[in-house]
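The values are calculated or read from the model by the stated rules, or taken from the named source; none is laboratory data. Fair warning: this is a prediction, and the values are worked out from it, not measured in the lab. Here the Cβ is made from the backbone with ideal geometry for all residues, glycine too, and neighbour counts use every protein chain on show. Keep in mind that these areas ignore ligands, DNA and RNA; they rest on the heavy atoms of the full protein, side chains included. Shrake-Rupley method; radii C 1.70, N 1.55, O 1.52, S 1.80 Å.
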Amino acid sequence: MSLRVAVIGTGTEPDEPGDDGYAMAYHHAAGYDALEECTLVACADIVRENAEAFAAEFGIDDDGVFEEYDVMLERADPDIVSVCVPPAIHDTIAIDCIRSGVVDAVHCEKPMADSYGGARTMAQEANRHDVQLTFNHQRRFSDAVRTAKRLLDDGEIGDLERIEFAAPVGIFDYGSHSFDLCNYFNDELPASWALGQIEYSERNVLFGTHNENQALVLWEYENGVHGLGTSDSLGENSPTSAIDCHNRLVGTDGTIELGLAGDGNLPTLRIRGDGREGWETVETDDGLHDWELVYRAIADVVRCLETGEEPELGARNALNATELIFATWESARRRGRVDLPLEIDDNPLESMIDDGDVRPEPREAEGE
């Protein structure tokens, strides 16, 4: 089976990624390029020079370079499209691709969208048009994450009681991964409620979308397992120090910690309890931040398209994580607990800013 692949939003070259998403389009393309069944045939970017540089890197012919993605869809006829634009236009572009009647699959960068209504509509339209829609929560494919899940499922820490995370930067940008991994460890069950609070006094805009400075969120899954998450972008007086690792799994008979904070001598994965004497390091093949994980994610997206299996990175799982992001901000807006499913369409943080309820000041480094 030969699959034609196109990329929307090439960004700058990987040597100078700037604020364009760490040249994610180049990493997506490298993933497809490594698969025999995939051929990169087209790319689109509103800055033609960026698209041309991308095309030169991956051997795309001149007639496969576009500034308008709708023209690209019509002329290049791709089977798979990777969407690597800023989050604010994820939903618009992904939905246009889905509704085009051209593509069989859309693989989109995370977070899903900058509003909950946008994210929900993406999932709805993909289901309606029978298009495979996936999101690049690639950390699921880390050997460290897979090993932690295997230890959990084997009963090495007893029954799971609580999942914790510490997210740098914010719960929207990085926290999209954090919530996704929490859901992965708890077998993709939806949450029942969320209770969150935020601090946002210093402007923190990433790839065009606001992220809070600090956040604290508690939630409960339908099976009674609890979640506890923190975020921090200020680097001081951080709530993340209370958790001090990427994820922590707390069970009735022990604890697993993944991605420990601190110096480089700390292990990626460790476990204690269940008859062990203190912490025991678990050796894994990789960490949580290797670009190889993106290539594994791409390979799984392609495999699922070929086999018809529901992909782990599918819209249903991504929407579960996205719901918790916006539920945290909605709880802060309401100043109370939010019962789920979430019934809003907007972005509560953006709305609080627009209404003057939250007033972030420019950072000194921005020169404003």
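Brief remarks follow.
- Contacts under 7 angstrom Cβ, first residue in segment 39-67 being within 21 Å of I89 (Cβ to Cβ), partner polar (S, T, N, Q), 6 or more apart: C43/T10; D45/T10; N50/T10; N50/T12; A51/T10; F54/T10
- Inside segment 318-368, residues that are touching a Phe, Trp or Tyr at 6+ places or on another chain (Cβ under 8 Å) and in a loop (DSSP other than H, G, I, E, B) make up a count of 9.
- Counting the residues of segment 138-151 that are of a type outside the set (S, T, Y) and surrounded by fewer than 24 Cβ atoms within 10 Å (Cβ to Cβ) gives 8.
- Criterion violated by I157 - all others in (1) at pLDDT 95 or above; (2) surrounded by 21 or more Cβ atoms within 10 Å (Cβ to Cβ); (3) within 20 Å of the chain's Cα centre (by Cα); (4) in a loop (DSSP other than H, G, I, E, B) satisfied: (3)
- Cβ-Cβ under 9 Å pairs, at least 6 apart or on other chains, segment 354-368 side open to solvent by 60 Å² or more (accessible area, probe 1.4 Å), far side at pLDDT 90 or above and among the small types (G, A, S): D357/S351; R359/S201; E361/S201
- Filtering segment 93-117 to residues that are part of a helix (DSSP H, G or I) and either in contact (Cβ under 8 Å) with a residue 60 or more places away in the chain or within 18 Å of E310 (Cα to Cα) (or both) leaves I93, C97, I98, Y116, G117.
- Per the conditions (1) open to solvent by less than 30 Å² (accessible area, probe 1.4 Å); (2) at pLDDT 95 or above, the sole criterion not satisfied by A23 is (2).
- Restricting attention to segment 31-59, the residues that are under 18 Å from Y69 (Cα atoms) and assigned to a loop (DSSP other than H, G, I, E, B) add up to 3.
- For segment 269-280, the condition holds for no residue, the condition being that it is open to solvent by less than 30 Å² (accessible area, probe 1.4 Å), under 30 Å from N211 (Cβ atoms), assigned to a helix (DSSP H, G or I) and touching a helix residue (DSSP H, G or I) at 6+ places or on another chain (Cβ under 8 Å).
- The residue of segment 49-68 that is surrounded by the most Cβ atoms within 10 Å (Cβ to Cβ), among those that are within 27 Å of the chain's Cα centre (by Cα) and more than 21 Å from A30 (Cβ to Cβ), is E67.
- The strands (runs of 3 or more DSSP E) found entirely in segment 160-225 that carry 1 or more residues being of a type in the set (D, E) and either open to solvent by less than 60 Å² (accessible area, probe 1.4 Å) or touching a residue at least 40 places away in the same chain (Cβ under 8 Å) (or both) are 160-168, 214-221.
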